[in-house]
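Structure first, commentary second.
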Amino acid sequence: MKKNTREILIGAGTVALGALALRYFSRNHQPLETVPAVDLTRYAGKWYEIAAFPLIFERGCHCTTAEYSLDPAGYVKVVNSCNRKSPQGKKSVAVGKAFPVPDSNNAKLKVQFQWPFKGDYWIIDLDEDYSHALVGTPDRQNLWVLSRSPFMAPTLYQRLVQVAQQKGFDIDHLHLTNQACFD
C-alpha cells in the first residue's frame, strides 16, 4: 500500500472514531428543536456568516459566505467560500450537496462535501422573511449565525445568541466573522 493511501485511510479512520466519540460523550443534551418547516426555494441564495464556532478548515478565513441552490436531482447545491488571510488573499471554495432529512419539513439537512461523510445542518431559528437564520448540529458542536447581508444589528445578533444558549450551545465558542471586505 502506498504511503499516501495509508495516511488517507488512517486520517479517515481517525475522523470517524472522533465523530463516534463526540456523539457518545455529548448524549446528555435534550433533543435539538428545529423550526417547523423550511421552504428551500426561499432559503436558496447567498448567506453571510455573521458568527460561528470555528472549524479547523476555516482557519484564517474572513468574508465567509454560503450559497445554496436547488438542483433538479433533488438536493441542494452548497458553495461555501471565504477569503484567506495571506499576502495573496486567496479565495477558498468548497462545493457540496445537502439532502433534506425525510419527515423534517426541510428543517434538517445532511451536508456532504466529501463522500461518504455527511454532517448535520439543522435550522433552529429562521426569520419569517428568510433574512437571518441560526443553524446548528444536534450535538451542539457546530453553530452558525447567518444573514442575507454581511452585517447584522447588534440587538438581533444578541437575540440569536440567547436562542442558541437556551438550546444548549456553549456560546463562549462563538466567534464573530470578519466581513470587512463587504463594506
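Identify, please: which residue in segment 58-89 is farther than 24 Å from TYR157 by Cβ and hydrophobic (A, V, I, L, M, F, W, C) and is, among those, surrounded by the most Cβ atoms within 10 Å (Cβ to Cβ)? Step through it out loud before you land on a result.
Residues of segment 58-89 that are farther than 24 Å from TYR157 by Cβ, as a first pass: 69-77, 79, 84, 86-89.
Narrowing the set further to residues that are hydrophobic (A, V, I, L, M, F, W, C) leaves 70, 73, 76, 79.
Numbers: LEU70: 13, ALA73: 7, VAL76: 20, VAL79: 14.
Taking the candidates together, the pick is VAL76.
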- A careful count of residues in segment 124-148 that are under 13 Å from the mean Cα position of the chain (by Cα) and either within 18 Å of HIS175 (Cα to Cα) or among the hydroxyl-bearing types (Ser, Thr, Tyr) (or both) gives 13
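Condition test on VAL79, is it out of contact with any Cys (no Cβ under 8 Å at 6 or more places or on another chain), closer than 20 Å to ALA44 by Cβ and among the hydrophobic types (A, V, I, L, M, F, W, C)? If you could, list the steps in order and put the result at the bottom.
Details: out of contact with any Cys (no Cβ under 8 Å at 6 or more places or on another chain): yes; closer than 20 Å to ALA44 by Cβ: yes; among the hydrophobic types (A, V, I, L, M, F, W, C): yes.
For VAL79, the condition - out of contact with any Cys (no Cβ under 8 Å at 6 or more places or on another chain), closer than 20 Å to ALA44 by Cβ and among the hydrophobic types (A, V, I, L, M, F, W, C) - is met.
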- Item | Residue list for segment 144-183, restricted to those being more than 25 Å from THR41 (Cβ to Cβ) and assigned to a strand (DSSP E or B) | HIS175, LEU176
- What strands (runs of 3 or more DSSP E), lying completely within segment 64-115, carry at least 2 residues that are at pLDDT below 95, within 16 Å of the chain's Cα centre (by Cα) and within 14 Å of GLU49 (Cβ to Cβ)? 76-84, 91-100
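For the subset of segment 161-183 comprising residues that are among the aliphatic types (A, V, I, L, M) and within 17 Å of the chain's Cα centre (by Cα), which member is farthest from ILE124 (Cα to Cα)?
In the first step, residues of segment 161-183 are kept if they are among the aliphatic types (A, V, I, L, M); the result is 161, 163-164, 171, 174, 176, 180.
Imposing the further condition that a residue be within 17 Å of the chain's Cα centre (by Cα) reduces the set to 161, 163-164, 171, 174, 176.
Values: VAL161: 12, VAL163: 9, ALA164: 8, ILE171: 15, LEU174: 16, LEU176: 19 Å.
Out of the qualifying residues, it is LEU176.
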- In segment 118-143, which residues are in a loop (DSSP other than H, G, I, E, B) and either among the charged types (D, E, K, R) or over 23 Å from CYS63 (Cβ atoms) (or both)? ASP127, GLU128, ASP129, THR137, PRO138, ASP139, ARG140, GLN141
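Please work out if SER92 is surrounded by 12 or more Cβ atoms within 10 Å (Cβ to Cβ), of a type outside the set (D, E, K, R) and either touching a helix residue (DSSP H, G or I) at 6+ places or on another chain (Cβ under 6 Å) or farther than 23 Å from ASP125 by Cβ (or both). Don't jump to the end; show me each part of the working.
Details: surrounded by 12 or more Cβ atoms within 10 Å (Cβ to Cβ): yes; of a type outside the set (D, E, K, R): yes; either touching a helix residue (DSSP H, G or I) at 6+ places or on another chain (Cβ under 6 Å) or farther than 23 Å from ASP125 by Cβ (or both): yes.
Yes, satisfied.
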- For residues in segment 125-164 being of a type in the set (Val, Ile, Thr) and in contact (Cβ under 8 Å) with a residue 12 or more places away in the chain, which is surrounded by the most Cβ atoms within 10 Å (Cβ to Cβ)? VAL145
- Run down THR41, THR34, THR14 and say which single residue is farther than 25 Å from TYR157 by Cβ and at pLDDT 95 or above. THR41
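The values are calculated or read from the model by the stated rules, or taken from the named source; none is laboratory data. Given the structure is predicted, the values throughout are model-derived calculations rather than measurements. Here Cβ is always computed from backbone atoms with ideal geometry, including for glycine, and neighbour counts include all displayed protein chains.
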